[in-house]
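Shown next, in structure tokens, is the structure this report addresses.
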Amino acid sequence: MAELRIYDSQGRPIRGGAGESQQVKDFFFDGVRLAVDAGRTEMFCFFRAKDNETARSEQYYAKYSYRSRSEMNGLYQEVKRRIEGEYGMILDTENEDTRFFELLGSSESGRAPESSDLDDVRSLLSNFESARVGVGSYSEAYGLFSQLFSNDGVSKIAVSDNATGRSLSAYDLVIEKGDYFGLELLGDTEQKVESLRERRRSAFDSEYGTEDDNDPISGLVGAALFGGIGVALVLAAIYGSCLGLGMALPGVGSPPFVDSCGPSLGGVDADVAGNGSQEIRITGAINGLSETNETLTVTVVHENETVLHNSSKKRQLNSSGAFDFTVRPDGNVTSLAPGDYIATVEYGGTSKNASFTVEDGTDSAEATSGASENDTASSTAGNDTASSTAGNDTASSTAGNESDDTSSASESTAGGSIESVSAQETVDGQTDSFQLDGAVTGVTNRTVNMSIDFSAWDGTSLNSIESKDVTVASDGTFAFTVPFDPNGTDGPYEVTVRYNESTASDTFESGSATDPQLENVSFTYADGQQAKINFRGNTSGFDGRTDTSIDVRLENDTATVFQGTVPVTVDDDGTFQQIGLNVSENSLAPGTYTLVVTYDDGTPVEDTYDISSN
């Protein structure tokens, strides 16, 4: 079942809910209109809404978690239902920046710009190279998005007003809406395309050579080859994805049944891990890779449409590209009910299904796959009677004991959902351990099962805990400590806790990272500009070049001359400067002035400067 959360432009959840989302803050700063991460089966979309017809339009982001590609189409209607149906607000699609959101809810297909570069972009993506392109309208962006999202090499795609935004650096394809005509290649994409074309030319020259006009033999050979080139072009169109040619047959497009020769998901299989086990074994392979960690999304669904498991995690491939791992039911679903199941594995924008059956060979919930009617869920040597026999409605974990397993029963019958979670470092300050505090509804004084996933700010999957027994107190709260491995990444980080098909998330910083702060500042009176000052300073903790703002106050012995928030750019070396800041409508009187600068309510830094009567 899809899940929707609404945040304001500063990453704060509206109408309560989980903690703030740094990812939403970054998206808003970079002008992101849509961001889809197929590996995590989630998408973010920008929209506007207002409290009533006369109220000011406010900016929001929808975070939408889905199970399948078909559920993605429900984003617009889900947002409309939540905003207008539940919150009593009004969706505002009158602004240009909401055009993409509006298109998601329409029957329009958009119109991708016509360009000879489009096939080259497809080839780049099929070869798992990233691309940045510009278009002139959101309608073109929508058409391009619709065409390219199905590309094998596209797992993360975004539409933004700024293709170079930091929040999108890990995305495979970013479509920037701007002052462009047709399709324009941005950044290093132009160089990648030219390199791709050069490789084609070199491959062609190597295969057929070059013609010498003065050599009649070469001319005859060239003429003979010319007719064969037509056949070669057709073959290239059919097998272009293998050759990196990215060609299409005129009027037909890409031929069917042709896979990319880059890394691709092969066949998958699924079954119960073992007799009596509550784990599901997933096996398969990724063609073209070996001994790497790859992110696979696994969803297991029962025939009654109950989602037993949904996760996106890095998995280790062996030397032949094969993977083999087990997953457990999410949340409070602690056992596998009899029936048919479908396990779906997604990788690189493609998915493969595998079906398996849990036979109804017992009245208890602990049936196993492949068991016949006479097989039992559990038995021990020397005991000819199965612990789960016909007519026995109890679930037993030990042979010969017909009483209920108390912990299993309490977990399997507990309902409710998780409401909130917050993460904080343990008291000793170690960055490899965090305490998670939260609350659930509908459950008290029980032990339930939860799963925990950690990810970096850019969506990179980190460590996860697929099954954790958690004790819920009488007031519905819980607290427990879990290990955390940043795996060399920088914060902020996000933790997501799943329970009973519900989730809650929180964003946190690791103590291993230093919070950005000001180190010093110095300022001077701008020569020849009697009401302006220049200042520069040093910072620490910023991750590369960053556009931000600081609070500035200029004062003398008697009064505050200027006070306000000033935008600055922190360079890669941590320095910043501001030239010609206008601090007064009049010339500054002679005297000693103090400049006080503060960043994010941190420790202020200051400098003094004497302005003479000259």
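The values are calculated or read from the model by the stated rules, or taken from the named source; none is laboratory data. Keep in mind the model is a prediction, meaning the values are calculated, not measured. Because the Cβ atoms are built from the backbone with ideal geometry, glycine has one as well, and the counts that use them run over all protein chains shown. Please note that ligands, DNA and RNA were not included when accessible areas were found on the heavy atoms of the full protein model with its side chains. Shrake-Rupley method; radii C 1.70, N 1.55, O 1.52, S 1.80 Å.
Here is how the numbers come out for the structure above:
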| item | result |
| --- | --- |
| Rounded percent of accessible protein surface that carbon and sulfur make up, the stretch 1-123, 1.4 Å probe | 41 |
| Over 29 Å (Cα to Cα) - which of Lys25/Lys532; Lys80/Lys468; Lys156/Lys352; Lys80/Lys192; Lys80/Lys156 fall in this group | Lys25/Lys532; Lys80/Lys468; Lys80/Lys192 |
| Potential extension, Gln77-Val596 segment - 0.36 nm per residue separation minus Cα distance | 181.9 nm |
| Among 111-123, 35-47, 563-575, the order from most to least packed when residues are scored by Cβ within 10 Å on average | 35-47, 111-123, 563-575 |
| Summed side-chain charge close to Ser139 - residues other than Ser139 whose Cβ falls under 12 Å, Lys, Arg +1, Asp, Glu -1 | -1 |
| Fraction in percent of alpha-carbon pairs per bin - 10 Å, the stretch 527-614 | 15, 50, 26, 8, 0 |
| Kirkwood-Stokes translational diffusion coefficient of the stretch 442-514, alpha-carbon pairs, 37 °C, 0.692 mPa s, µm²/s | 247 |
| Computed E for Asp97/Glu519 - FRET, C-beta separation, R0 30 angstrom, nearest 0.05 | 0.20 |
| Neighbour net charge for Lys25 - beta-carbon separation under 11 angstrom, K R +1, D E -1 | -3 |
| Net charge, Phe480 excluded, C-beta distance under 13 Å - Lys, Arg +1, Asp, Glu -1 | -1 |
| Gyration tensor verdict on the stretch 11-156 (Cα atoms; rounded if a/c is under 1.5, prolate if a/b is larger than b/c, oblate otherwise) | prolate |
| Extension gain, Asp490 back to Ser9 (0.36 nm per residue minus Cα-Cα distance, nm) | 170.9 nm |
| Global form of the stretch 46-120, assessed from the alpha-carbon gyration tensor, a/c cut-off 1.5 | oblate |
| The stretch 553-604: relative contact order in percent, alpha carbon pairs under 8 Å with at least 6 residues between | 42 |
